[in-house]
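The values are calculated or read from the model by the stated rules, or taken from the named source; none is laboratory data. Because the structure is predicted, anything quoted here is derived from the model rather than measured. Reconstructed Cβ throughout: ideal geometry from the backbone, glycine too, with neighbour counts over all protein chains shown. Remember, those area values only see protein heavy atoms, side chains included, never the ligands or the DNA or RNA. Shrake-Rupley method; radii C 1.70, N 1.55, O 1.52, S 1.80 Å.
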Amino acid sequence: MQRILLTTLLGLTCALVGCGGHKHDPTGQPGTASQSVTLTLLHINDHHSHLDAETVPLQLDTGSRREPVMVERGGFARITAAMRELAAQSANVIKIHSGDATTGDLYFTLTEGKADAALMNTVCFDSFTLGNHEFDNTDAGVKKLMGYLHTDTCATPMLSANVRFGPSSPLYNAQPPRAIHPSVVVERAGHKIGIIGLTVAGKTKNSSRPNPDTTFEDEVISAQQEIDRLHAQGINKIILSTHIGYTRDQALAKQLSGVDVIVGGDSHSLLGPATLQQYGLSPEGPYPTRTTDRDGKPVCIAQAWQYGYVVGELNVDFDGNGEVVHCEGTPWVLIGDQFQRKDATPLNAREKTAVQADIAQSKLLRITRPDQDAVQIVTPYRQQKEAMGAKVVASAAETLCLRRVPGSTRDTSRSTLGDVCNKNARVNAHGGDIQQLVAEAFFQQGKAYFGADLSLQNGGGVRVDLPSGPITVKDVYTVLPFKNTLVQLNATGEEIKAALEDAIEGVVGAAGNTGCYPYAGGLRWQVDLNQPKGKRISHLEIRSADGSYRPFVMDATYKVATISFLADGNDSFTTLKNITGERRIDVGLDYAEAFLKYLTNLPGEDKTLNPLPIKEYSTQKFTDSP
């Protein structure tokens, strides 16, 4: 039976070793408390193996003006520290991870979740919901992650109320504690609280790699069934830990009866007040987002962005009948305490004082020193990651030139290899070898993940040539140094054509940005910069499975693999930002890792990387303007 309930056996395990840092009650027996209670939910989601801090610009007040200031953000050791600090300040704390702990950084490539689990165990989550990326290495990957999580005394319960494991799965008919549970019951101040996990169904089945006979039931039906089961046992405080996305969480609440709180993931949504914008951040909605269920009763929705940047602190007041009477909280953005400008010059004492005052008054930015226990745990994994940078993964058969725009006049100064590339006839006619290979890599990975029909990439997103000879992991991350992930867009032919025209306008228009020039995998065209916008791209053809090309259909819908930067409409790919909702799916795979996977999947032992055949270059003919 796939809807495995939390049994007395799991209860005995938790009694012996502890679960999630608190005593879990897996029996589901009703509590006797009837008084009101306040719960503090500390939560993260979608950390995607991003265990290290990143240095990013924030718009901070330096005393005379608000300007970009570079500061560290995130890092799992900061999550651990913030969780411990916030938990110490509140009673009745529940710690929740709403899925996608894995995939997205070399830590996962190296350890298949072991490093993530080791860091998660420094927090001791009360629950962890399976996200779609937990299935990227099949059901066996889920079981492996569970094994890593459960080597610690936390033994965090892994949840999904709508997964049904098939007979081929190592989790088929699994018994506690080696089972995925629909829910877990925790007790705080004499109150029993049910936490139900939900995994995004279609996206996981179609864009990840669960076993063929593992299925995912309808999220709404599965959630209501589990709510009803818990209510029948007298448990009247219900938290959904979902991995279905912010927009769908809001719709879900309206379709359910008896849900109190939804702590979500999957859409990587930053929620918070509009004041976040003055720091250069863009919230999608309020934290918490308040709505009502099918019966008109209050529901509070929260999510904590991505990559360990935020720890959400949600305080929920329940009355004696178990109904929400109030909720409020803070999406704490975790940052370091060292500040400098983009040119690496440090702030002076006066400016630093002003910045610290700005951070303090924000009541959103939280200077957090990394937890030293977590630092010690991640250090050997980081050393493995750094050593991997020197690993040779492929060999370039010839120099793979960098060129944003074809031709010999617009963009010949960026190559570090001089005339080897600047006078290369292939590159002058069709554009950069390395840009085209990156686009092809995204196309191939998109096909593997969700059956992509084509990919889109901007020329400026690819940064260096690859000279002939060995290609290391470090080289891959030098070619693609930014923080981007793959995104699936379900776009019409007209939208794709419009986005290409937008990008070309970015090159020849007022912006004059050669980095906008488009590249594609699986799609080719001709360019004439003498034509007006809307007519510069012509002769569009899409690649068939047999390698031949057929006409591109404007009213057809295509699955497009691109990067998050372009999907947001940046670099003049303006049309793409209008593809939202269920037509946009964040795959979550780091774009450099996608290129790395492409290299490691090359045939043969030597993994030789050659330029693509000319027929597969996206720009088949290029006519420049005077």
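If Lys and Arg each add +1 and Asp and Glu each add -1, what is the summed charge of the other residues whose beta carbon sits under 10 Å from the beta carbon of D433?
Every neighbour counted, the sum reads 0.
At q = 0.34 Å⁻¹, what log₁₀ I(q)/I(0) does the stretch 530-575 have when each alpha carbon counts as one equal point scatterer in the Debye sum?
With no solvent term, the Cα-only Debye profile gives -1.10.
Any idea what the dipole of the chain comes to, in debye rounded to 20, about its Cα centre with Lys/Arg Cβ at +1 and Asp/Glu Cβ at -1?
Its charge dipole is roughly 580 debye.
Given H placed on each backbone N at 1.01 Å, which residues far from T492 in sequence or on other chains put an amide H within less than 5 Å of it?
Y558
Just to confirm a number: summing +1 for Lys and Arg and -1 for Asp and Glu over residues other than D555 whose beta-carbon lies under 14 angstrom from that of D555, what do you get? Can you show the working numbers first?
Working: positive: K497; negative: E494, E495.
For residues surrounding D555, the net value is -1.
Hey, any idea what Rg/Rh is for the stretch 517-606, computing Rh the Kirkwood way over Cα pairs?
1.00
Starting at the first residue of the stretch 289-301, write each ³J(HN,Hα) from the Karplus equation 6.51 cos²θ - 1.76 cosθ + 1.60 with θ = phi - 60°, in whole Hz, x for Gly and Pro.
Once θ is set to phi - 60°, the couplings for the stretch 289-301 become 8, 9, 9, 9, 8, 4, 9, x, 8, x, 9, 10, 10 Hz.
Taking the DSSP beta bridges in the chain as the whole, what percent of them are antiparallel, to the nearest 5? Numbers along the way, then the final one.
Values: 69 of 103 bridges.
Antiparallel bridges: around 65 percent, rounded to the nearest 5.
So what is the relative contact order of the stretch 459-573, in percent, for Cα pairs below 8 Å that sit 6 or more residues apart? Could the numbers behind the result be given before it?
Numbers: 156 pairs, mean separation 39.5, N = 115.
It comes to 34 percent, rounded to a whole number.
Farthest toward the dipole's positive end in the stretch 40-81, which of L60, M70, I44, given Cβ charges of +1 (Lys, Arg) and -1 (Asp, Glu) about the Cα centre?
Highest projection toward the positive end goes to L60.
Take the alpha carbon atoms of the stretch 89-217, find their radius of gyration, then divide it by 2.2 N^0.38 Å using N residues; give the quotient. Each step should come with its number before you reach the end.
Details: Rg = 14.5 Å, N = 129, 2.2 N^0.38 = 13.9 Å.
For the stretch 89-217, the normalised Cα radius of gyration comes out at 1.04.
Out of the chymotrypsin sites (Phe, Trp or Tyr not before Pro) in the stretch 164-248, which ones are loop residues according to DSSP with at most 16 other C-beta atoms within 10 Å?
Sites meeting the loop and neighbour criteria: Y172.
Give me the three principal axis extents of the chain from the C-alpha atoms, as integers in angstrom, largest value leading.
Sorted largest first, the three principal extents are 81, 64, 47 Å.
Answer with one residue from P626, S98, T345: the one whose Cα lies farthest towards the positive end of the charge dipole of the chain, charges on Cβ with Lys, Arg +1 and Asp, Glu -1.
P626
Carbon and sulfur atoms: what percent of the 1.4 Å accessible area of the chain do they account for?
Of the solvent-accessible surface of the chain, carbon and sulfur hold 50 percent.
Principal axes first, then extents: for the Cα atoms of the stretch 185-255, list largest minus smallest coordinate on each axis, whole Å, largest first.
42, 26, 19
Using the Karplus curve 6.51 cos²θ - 1.76 cosθ + 1.60 with θ = phi - 60°, work out ³J(HN,Hα) for each residue of the stretch 338-355 in order, rounded to whole Hz, and write x for Gly and Pro.
10, 10, 7, 7, 4, 7, 6, 6, x, 6, 7, 4, 5, 5, 5, 4, 5, 4
Go through F318, Q303, G336 and say which Cα lies farthest out towards the positive end of the charge dipole of the stretch 289-341; charges sit on Cβ, +1 for Lys and Arg, -1 for Asp and Glu.
Most positive-ward Cα: G336.
Excluding P177 itself, what net charge comes from residues whose Cβ is under 14 Å from its Cβ, given Lys and Arg +1 and Asp and Glu -1? Intermediate results must be reported in sequence, preceding the final value.
Working: positive: K143, R178; negative: D152.
It works out to a net charge of +1.
To the nearest whole percent, what portion of all C-alpha pairs in the stretch 261-308 is separated by more than 13 angstrom?
In whole percent, the long-distance tail amounts to 59.
Would you rank T574, T289 by solvent-accessible area, highest first, keeping every protein chain in place and using a 1.4 Å probe? Spell out each step's value before the answer.
Numbers: T574 60, T289 10 Å².
Ranked list, largest accessible area first: T574, T289.
Filter the trypsin sites (Lys or Arg not before Pro) in the stretch 39-74 down to the DSSP loop ones having no more than 16 other Cβ atoms within 10 Å, then list what survives. Show your work: numbers first, answer last.
Numbers: sites: R65, R66, R73; in loops: R65.
Counting only loop positions with at most 16 other Cβ atoms within 10 Å, the trypsin sites (Lys or Arg not before Pro) in the stretch 39-74 are R65.
Pull up the cross-link candidates among the lysines for K237, meaning alpha carbon to alpha carbon under 22 Å and not fewer than 8 places away within one chain.
The qualifying lysines are K23, K95, K192, K254, K297.
Expressed as an acute angle from 0 to 90° and rounded to the nearest 10, what is the orientation of the C-alpha long axis of helix 372-388 relative to the principal long axis of the chain?
The answer is roughly 30 degrees.
Please tell me the relative contact order of the chain in percent, rounded to the nearest whole number, where contacts are Cα pairs under 8 Å and at least six residues apart. Walk me through the numbers on the way to the answer.
On the way: 1559 pairs, mean separation 87.8, N = 626.
It comes to 14 percent, rounded to a whole number.
From Cα coordinates alone, what are the radius of gyration and Dmax values for the stretch 303-344 in angstrom?
Computed over the Cα atoms of the stretch 303-344, radius of gyration and Dmax are 16.9, 58 Å.
Rounded to the nearest 20 debye, what is the charge dipole size of the stretch 83-147 about its Cα centre when +1 sits on each Lys and Arg Cβ and -1 on each Asp and Glu Cβ? Walk me through the numbers before you get to the answer.
Working: 5 positive and 9 negative charges, 47 e Å.
It comes to approximately 220 debye.
Mind listing the phi-derived Karplus ³J(HN,Hα) values for the stretch 136-150, rounded to whole Hz, using 6.51, -1.76 and 1.60 with θ = phi - 60°, and x for any glycine or proline?
Values per residue, Gly and Pro as x: 5, 10, 6, 4, 4, x, 5, 5, 5, 4, 4, x, 5, 5, 8 Hz.
Counting C-alpha atoms alone, how compact is the stretch 286-433: give Rg to one decimal and Dmax as a whole number, in angstrom.
Taking only Cα atoms of the stretch 286-433, I get Rg and Dmax of 26.2, 78 Å.
For the chain, what is the accessible area per residue in Å², given a 1.4 Å probe and the full set of protein chains?
Working: 23040 Å² over 626 residues.
Per residue, the chain has 37 Å² of solvent-accessible surface.
Applying a 10 Å radius around every beta-carbon, put 314-323, 263-272, 106-115 in order of their mean neighbour count, most first.
For the peptides 314-323, 263-272, 106-115, the packing ranking is 263-272, 106-115, 314-323.
Can you give the translational diffusion coefficient of the stretch 384-518 in µm²/s, computed by Stokes-Einstein from the Kirkwood radius over Cα pairs at 37 °C and 0.692 mPa s?
It diffuses with D of about 205 µm²/s by this estimate.
So what does S395 come to for accessible area, using a 1.4 Å probe and Å² rounded to 10?
Counting only protein heavy atoms, the figure is 40 Å².
Relative to the longest principal axis of the C-alpha atoms of the chain, give the angle of the C-alpha long axis of helix 114-123, reported between 0 and 90° and rounded to the nearest 10°.
Taking the Cα atoms of the chain, the angle to 114-123 is about 40 degrees.
State, as an integer percentage, the relative contact order of the stretch 260-348 based on alpha-carbon contacts under 8 Å between residues 6 or more apart.
Relative CO of the stretch 260-348 lands at 25 percent.
How large is the direction-averaged shadow of the alpha-carbon convex hull of the stretch 477-626, in nm²?
Result: 10.1 nm².
Using modelled backbone amide H atoms (1.01 Å from N, in-plane), which distant-in-sequence or interchain residues come within less than 5 Å of I367's amide H?
I335
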